[in-house]
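Participant: The structure that follows is given in the form of structure tokens.
The values are calculated or read from the model by the stated rules, or taken from the named source; none is laboratory data. Just so it is clear, the model here is predicted, and its values are computed rather than measured. Glycine gets a Cβ as well: all are built from the backbone with ideal geometry, and neighbour counts include every protein chain shown.
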Amino acid sequence: MDWDLFTSSLWPLVRGGLVGTLPLSLASFAIGLVIALGIALLRLSTHPVLSWLGRAYVSLIRGTPLLVQLFVIFYGLPSIGVVIDPWPSAIVAFSLNVGGYAAEVMRAAILSVPQGQWEAAYTIGMRRTTTLRRVVLPQAARVSVPPLSNTFISLVKDTSLASLILVAEAFRAAQVIAAATSEFMLLYLQVALVYWLFCTVLSFGQGRIERKLEQYV
């Protein structure tokens, strides 16, 4: 193993993760949660058309590969006159994908709140939207933290696909260095180590958050 190359390339890979992978993941996840909440509420709607739209979105996102979604947005849309730069394209694709998966997590979390919570809120004069905002969603948020944290950790790894549309992140940095040095095995194992370290730290943070929330159970 070329230790000089290993040590000299470690920081560029870590920097690619810090300035590329993590910001891309955070932005996509934040937008995806907003989309997911909207889709979850559509799925729970008593209106058949709205409920069908929510189911159709989830089915489309979960039934197609993330890579295909990314390519449709970056390479497909320009054919109909819609050109999006690499970074926004990646955010759009990842956000839509997170929205499809997280919507089912949120829907299940909302359904886990006992019906008595709704009824108790109605008895004191709360409307449905107020009950949802003040009573149901806070409880559902606590329940949804573990699966949503797993979704975020998966997203961090999935951002490596953005390298295929030339987004500068950790895996893209590894590709550039590997192409210049021909040390593909070393660089790809090294970037795998970087992703593992990031995910390990995030998993530790997830555990701390879950233990903190358990105090309110």
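Participant: Only one of Ile31, Ile39 is modelled with pLDDT of 90 or more, surrounded by 13 or more Cβ atoms within 10 Å (Cβ to Cβ) and under 25 Å from Asp85 (Cβ atoms). Can you tell me which? Break it down into steps so the answer makes sense when it comes.
Facilitator: Working: Ile39 fails: under 25 Å from Asp85 (Cβ atoms).
Exactly one residue qualifies, and that residue is Ile31.
Participant: Of all residues in segment 96-135 being in contact with a Ser or Thr (Cβ under 8 Å, 6 or more places away or on another chain) and hydroxyl-bearing (Ser, Thr, Tyr), which is surrounded by the most Cβ atoms within 10 Å (Cβ to Cβ)?
Facilitator: Among those residues, the one meeting the criterion is Tyr101.
Participant: Can you pull out every residue in segment 185-202 that is surrounded by 13 or more Cβ atoms within 10 Å (Cβ to Cβ) and within 18 Å of the chain's Cα centre (by Cα)?
Facilitator: Of everything in segment 185-202, those that are surrounded by 13 or more Cβ atoms within 10 Å (Cβ to Cβ) and within 18 Å of the chain's Cα centre (by Cα) turn out to be Tyr195, Phe198, Cys199, Leu202.
Participant: Quick check: anything in segment 6-18 within 21 Å of the chain's Cα centre (by Cα) and without any contact (Cβ under 8 Å) to a residue 60 or more places away in the chain?
Facilitator: Checked segment 6-18: at least one residue is within 21 Å of the chain's Cα centre (by Cα) and without any contact (Cβ under 8 Å) to a residue 60 or more places away in the chain.
Participant: Okay, moving on. Across segment 1-18, what is the total count of residues that are closer than 16 Å to Glu183 by Cα and at pLDDT below 90?
Facilitator: Our first condition is that a residue be closer than 16 Å to Glu183 by Cα; within segment 1-18, this holds for 1-10, 12-13.
Filter once more, so that each one left must be at pLDDT below 90: 1-10, 12.
Looking only at that region, the number is 11.
Participant: State whether one or more residues within segment 77-95 are among the small types (Gly, Ala, Ser), at pLDDT below 90, crowded, with 16+ Cβ neighbours inside 10 Å and outside any loop (DSSP other than H, G, I, E, B).
Facilitator: No: zero hits.
Participant: Just one of Ser160, Ser144 is at pLDDT below 90, closer than 21 Å to Tyr101 by Cβ, surrounded by 13 or more Cβ atoms within 10 Å (Cβ to Cβ) and hydroxyl-bearing (Ser, Thr, Tyr); which is it? If you could, list the steps in order and put the result at the bottom.
Facilitator: Numbers: Ser160 fails: at pLDDT below 90.
Of the residues listed, the single one that is at pLDDT below 90, closer than 21 Å to Tyr101 by Cβ, surrounded by 13 or more Cβ atoms within 10 Å (Cβ to Cβ) and hydroxyl-bearing (Ser, Thr, Tyr) is Ser144.
Participant: Name every residue in segment 109-130 that is within 30 Å of the chain's Cα centre (by Cα) and without any contact (Cβ under 8 Å) to a residue 24 or more places away in the chain, in order of residue number. So that I can check it myself, show each step before the final result.
Facilitator: Here is the first cut: in segment 109-130, the residues within 30 Å of the chain's Cα centre (by Cα) are 109-115, 117-118, 128-130.
Matches in segment 109-130: Pro114, Gln115, Gln117, Trp118, Arg128, Thr129, Thr130.
Participant: Quick check: anything in segment 46-54 without any contact (Cβ under 8 Å) to a residue 40 or more places away in the chain and either outside any helix (DSSP H, G or I) or touching a Gly at 6+ places or on another chain (Cβ under 9 Å) (or both)? It would help to see each step written out before you state the result.
Facilitator: Here is the first cut: in segment 46-54, the ones without any contact (Cβ under 8 Å) to a residue 40 or more places away in the chain are 46-53.
With the extra rule that they be either outside any helix (DSSP H, G or I) or touching a Gly at 6+ places or on another chain (Cβ under 9 Å) (or both), the set shrinks to 46-47.
Scanning segment 46-54, I find at least one residue that is without any contact (Cβ under 8 Å) to a residue 40 or more places away in the chain and either outside any helix (DSSP H, G or I) or touching a Gly at 6+ places or on another chain (Cβ under 9 Å) (or both), so the answer is yes.
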